[in-house]
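The values are calculated or read from the model by the stated rules, or taken from the named source; none is laboratory data. Keep in mind that this is a model prediction, so the values were computed, not measured. Virtual Cβ from ideal backbone geometry, glycine too; neighbours counted across all protein chains shown.
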There are 2 protein chains.
Amino acid sequence: MTDRSTFPSPIDVRGRGFPGRAALADVQRWIDTHAVPPPPGEVPLNEAAGRVLAAPVTAPGDWPPADRAARDGVAVASSDTLGAGSYNPIPLLNAVPVSAGEPMPPGTDAVLPVETVQQDAGFTEALGSAAPGDGVERRGEGIRAGAVLLEAGRILRPQDLGLLVALGIGAVTVAARPRVRVVLAGGPRSGSETLGAMLSALVVRDGGAVELVGPLPAERGALAAAYSAPGADLLLSVGRTGVGEDDVAPLALADAGTLVAHGVAMRPGDSAGVGLAAGVPAVLLPGEPMAALAAYELLAGRAVRRMAGRDSVLPHPARAVVTARKLISEIGCVDLYRVRLTADGAVEPLASATVPGLAGAVRADGFVLISAESEGIPAGASVTVHCFDGTKG
Amino acid sequence: MTDRSTFPSPIDVRGRGFPGRAALADVQRWIDTHAVPPPPGEVPLNEAAGRVLAAPVTAPGDWPPADRAARDGVAVASSDTLGAGSYNPIPLLNAVPVSAGEPMPPGTDAVLPVETVQQDAGFTEALGSAAPGDGVERRGEGIRAGAVLLEAGRILRPQDLGLLVALGIGAVTVAARPRVRVVLAGGPRSGSETLGAMLSALVVRDGGAVELVGPLPAERGALAAAYSAPGADLLLSVGRTGVGEDDVAPLALADAGTLVAHGVAMRPGDSAGVGLAAGVPAVLLPGEPMAALAAYELLAGRAVRRMAGRDSVLPHPARAVVTARKLISEIGCVDLYRVRLTADGAVEPLASATVPGLAGAVRADGFVLISAESEGIPAGASVTVHCFDGTKG
C-alpha cells in the first residue's frame, strides 16, 4: 500500500544533513493516495452551512406543489376581467384576497395587484385585466420532482438551506469533518509549541476538526505514543524535523509506523516529511513558523481538504498579476514567495523563500509558487498570486 | 436621530398597495447611520481566527529578541573559518551545534550547515568558510519594537495568530459579534418559518451571533413584544411585510418603536422595511424566500457587517463579466438578477428579478445588480457579478 519507491530512502539526518529531498509533486501524489475521506454522515440543516454534500439531493416533489400566488393581491378568474380598466371597472363575483405563496383558490387563475382592484360597499371591481397565469407561480415551475437540486461535492450555501427546508428536506448527508490530531513536538526551546492557534485555524478553514496535543518534550517514545494513539483520521506533528540532535519527530514516526519521506524539495519547509502512524496518514511540519505555514499549505492542508470532501488544490483565490521585481529561485526546489500587491497592481516579493519568520506572511497579500524547473521569474512576467484573504480580488 | 424626511411617510398598505417606495440607496444610508457597532472586547488568541481587530497591535519588543540561528547547523566564529574548504579543513575551537531558532552562543556570529562541518575524533573542522551573519537572523530583523504589526479592521488570519503567539501576545481586542435577533413572523401559512436556517447562516457569515425567535403567529401584539424585548443589537423580522390583511409586521414595528420606511425600490424584496424597535435598528424582510435573500444581502447584511466591524459592502467576490443576453430592468428600481457563468466565460440570467423562488439562487453562480437609473443592460456589455462562492474566480 505504501509505495516508497519514488522517494529517497529516509535516513537519520541528525548531525549529517539531508542526502536528498523528495520532489514536492511526488509527496503531494502520495498524500492524494493516502488521504481517504472518513465515511459521510447525516446532519440537520441548521448545522449544514459550509458543509460538503456527500450525495446529490433530488427534489422529493414538484415545487411549488400546486399553483400559488406569486404576489400579494386578489385571486380572480382572468376571463372575468376582460376589458376592465380604470374607466371601465368590471364587477367580480369570484375575488379572493391572497398573500404571495398561498395556493390559488378554486376557480381562479390569476392574481391582480391590490392597486388594480376596488372594494366598494360589498362588491369588488377589477380596474385592469389579467391574462391566465398573471401573478401565478405554476406547480413545478421552480423545480420538477426528481430533479437534481444539488450535486455531491457542493459546499452548502445559505440559500441552499432555504430551498431544502422549503422542500421539506430536514437533513443532508455531508462529508465528515476529518479528526486531525496536531501534536506540538517542540519542547521548551522551540517555537513550535506556539503554533497551536495558527494550525488549528488552518485545519478548521479546510474543514477538519482539531485535537491539539502537547507541547510534548522532544522525546522519541512520547512522540511515537502520541502519533499512534487511536482516534485520529490524520496526524500533523509540528517541530523537531531538522538535523539537530533532538530532532526526533521523523524517528518517532518510523517507530509509530512508517516514515515514507523526510525532506521535501520546497522552501521554506524543506525538513517536512510524510508517513503513516498506525495506518493513519501523517505529515511532519517544521517548527519554524513560516516553514510550518508553507508545509501546511502545500502538504497538510491538501490532506485535510481531501479528507473533508473538498477540492484538494489551494483554497486561496488565485489572481494573475505582473511581477514588479525579479523573483529568484533554485532549480529542483519549489519556492514559496510571500508577496504584496503594489498600488499600481503589480506584485513584489516581501521576503525571499529562504527568509524565516511569519512577519512577511502577515504583511503579505498572498504568495507565489515558483516551480522546481524554474530558475526564477523576471520582472514584468505574469504570475499567479494565491491571495490570503478569501474575498480579495 | 431618526431622519425620516427622505422617505415616503409609511402608511398601512394592507389592501391598498404601496403609495411609493424608498430609494435603495437612501435606505442603505439610513442603515449606515443607525447600525453602530457594540463595544469591542478582548478574546484569547485561540478564539480570534476570523475576528476583526478593533485596535491596532504593536510589537512589544524586537523579533527575534536576540541574534539566533536561522538554520540547523554549527555556530562558529566566522573569522575562524577563513579559507576553509573541503581540501583545506580548518579546526574549530568554538563550534556549538544549534537548531534553527536557538540564540547564538557567546563568541559565535555565523552558522555553518552541518554538511560543511566534519566531526573527527573529538575535534571539529570547517569544510567551508562563513561570512559574519551567515545563517543568523539578527535581533529585530523580522520586527522592530513598537512597529504596528496589524491594523485595526484586520480580519485575523491563521498566520497572524502564529506571529502574535510568538511575540508573547495572548489576547487581542476585537469587534464584538452583534447579537442579531431573527424573528420568524410567518405564521402557519407562510414560507417564512422555514427561513431560519438560511438567515442564521447569512448572519454568521457576516460576523453576527443569532437568536432565533418563532415562528410567531401573524399577530401585531406578539410581534411587537418580540421586537422590543431587550438583549438584541439588531432586529431582523422575516415575513408579513406585504399588502395582505395579516401582513402586520410593519404595524408591529411601529408599535415597538418607529417604522421609518416600508417599501424599498428593489426587486425582489420590494416590501422590505426599516425602523427602530425600542431604539434598536430593525430590518423587515419579506417572507418569500428569494425576496428575503435579496433584502438580506442588500439591507440586513449591510447592518450586520457594519456592526461586526467589517466592510459594509457586499462580501461576495466581484468579477467583471460580459453579458450573453440582455438583462431587462425597470427605471426607478434596483433589480437583482441571479446569473450563471457560461462555458465561454460570459454571464446569463437564470431568472428575471421578478421571478420568486430560491431555485434560481441555488443554480446561480452569483448575482448582478442593475441600478435604479438603468432600463437594462444589452447583450455584450460588461457587468459586475457578485459570486456566491468565496473562492470562485
Report summary line: Of A:33, A:58, the only residue that is surrounded by fewer than 17 Cβ atoms within 10 Å (Cβ to Cβ), without any contact (Cβ under 8 Å) to a residue 60 or more places away in the chain and among the hydroxyl-bearing types (Ser, Thr, Tyr) is A:33
Query - Set A:243, A:238: member being of a type in the set (Val, Ile, Thr) and out of contact with any Lys or Arg (no Cβ under 8 Å at 6 or more places or on another chain) - result: A:238
Query - Boolean, residue A:201 is away from every other protein chain (no Cβ under 14 Å) and outside any strand (DSSP E or B) - result: no
Report task. Assess whether residue A:300 counts as being hydrophobic (A, V, I, L, M, F, W, C), within 10 Å of another protein chain (Cβ to nearest Cβ) and under 21 Å from residue A:371 (Cβ atoms). Result -> no
Report task. Determine which single condition residue B:216 fails, assuming it passes every other condition in (1) among the aliphatic types (A, V, I, L, M); (2) away from chain A (no Cβ under 14 Å); (3) over 23 Å from residue A:72 (Cα atoms). Result -> (3)
Query raised in the report: Which residue, of A:320, A:292, is closer than 29 Å to residue A:227 by Cβ and either more than 9 Å from chain B (Cβ to nearest Cβ) or of a type outside the set (S, T, N, Q) (or both)?
Result: A:292
Query raised in the report: Has the range B:253-273 got any residue that is of a type in the set (Lys, Arg) and at pLDDT below 95?
Result: yes
Requested in this report: Out of the residues in the range B:134-159 that are within 13 Å of chain A (Cβ to nearest Cβ) and at positive phi, state the one that is surrounded by the most Cβ atoms within 10 Å (Cβ to Cβ).
Outcome: B:135
Requested in this report: Take the residues in the range B:356-368 that are touching a strand residue (DSSP E or B) at 6+ places or on another chain (Cβ under 6 Å) and not aromatic (Phe, Trp, Tyr), then tell me which one is farthest from residue A:166 (Cα to Cα).
Outcome: B:368
Requested in this report: Scan the range B:230-287 residue by residue and report those that are free of Cβ contacts under 8 Å to residues at least 60 places away in the same chain, among the charged types (D, E, K, R) and surrounded by fewer than 24 Cβ atoms within 10 Å (Cβ to Cβ).
Outcome: B:246, B:255
**Report entry** Boolean, residue B:115 is surrounded by fewer than 17 Cβ atoms within 10 Å (Cβ to Cβ) and either among the charged types (D, E, K, R) or within 30 Å of residue A:160 (Cβ to Cβ) (or both)
**Finding:** yes
Query raised in the report: If you take the residues in the range B:160-172 that are within 20 Å of residue A:291 (Cα to Cα) and under 20 Å from the mean Cα position of the chain (by Cα), which one is surrounded by the most Cβ atoms within 10 Å (Cβ to Cβ)?
Result: B:161
Requested in this report: Could you please find all residues in the range A:112-121 being more than 10 Å from chain B (Cβ to nearest Cβ) and not in a strand (DSSP E or B)?
Outcome: A:121
Report task. Starting from residues that are at pLDDT 90 or above and in contact with a Gly (Cβ under 8 Å, 6 or more places away or on another chain), keep the ones in the range A:118-155 and report whichever is farthest from residue A:71 (Cα to Cα). Result -> A:153
Report task. Sort out which residues of the range A:122-133 are within 12 Å of chain B (Cβ to nearest Cβ) and either under 15 Å from residue A:63 (Cα atoms) or outside any loop (DSSP other than H, G, I, E, B) (or both), and write them in order of number. Result -> A:124
Requested in this report: Name every residue in the range B:243-274 that is within 31 Å of the chain's Cα centre (by Cα) and either basic (Lys, Arg) or assigned to a loop (DSSP other than H, G, I, E, B) (or both), in order of residue number.
Outcome: B:263, B:265, B:267, B:268, B:269, B:270, B:271, B:272
Query raised in the report: Within the range B:369-379, can one find any residue that is modelled with pLDDT under 95 and at positive phi?
Result: yes
**Report entry** Verdict on residue B:165 being more than 11 Å from chain A (Cβ to nearest Cβ), in contact (Cβ under 8 Å) with a residue 40 or more places away in the chain and closer than 29 Å to residue B:61 by Cα
**Finding:** no
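Here is a yes/no grid of residues against (1) surrounded by fewer than 19 Cβ atoms within 10 Å (Cβ to Cβ); (2) closer than 30 Å to residue B:312 by Cα; (3) free of Cβ contacts under 8 Å to residues at least 40 places away in the same chain:
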position	(1), (2), (3)
A:298	no, no, no
A:317	no, yes, no
A:330	yes, no, no
A:337	no, no, yes
A:361	no, yes, no
A:366	no, yes, no
A:373	yes, no, no
Report summary line: Note on the range B:219-252: residues among the small types (Gly, Ala, Ser) and more than 14 Å from chain A (Cβ to nearest Cβ) are B:221, B:222, B:224, B:225, B:226, B:228, B:229, B:231, B:232, B:237, B:252
Query raised in the report: Restricting attention to the range A:228-248, does a residue exist that is in contact with a Ser or Thr (Cβ under 8 Å, 6 or more places away or on another chain), among the small types (Gly, Ala, Ser) and under 23 Å from residue A:35 (Cα atoms)?
Result: yes
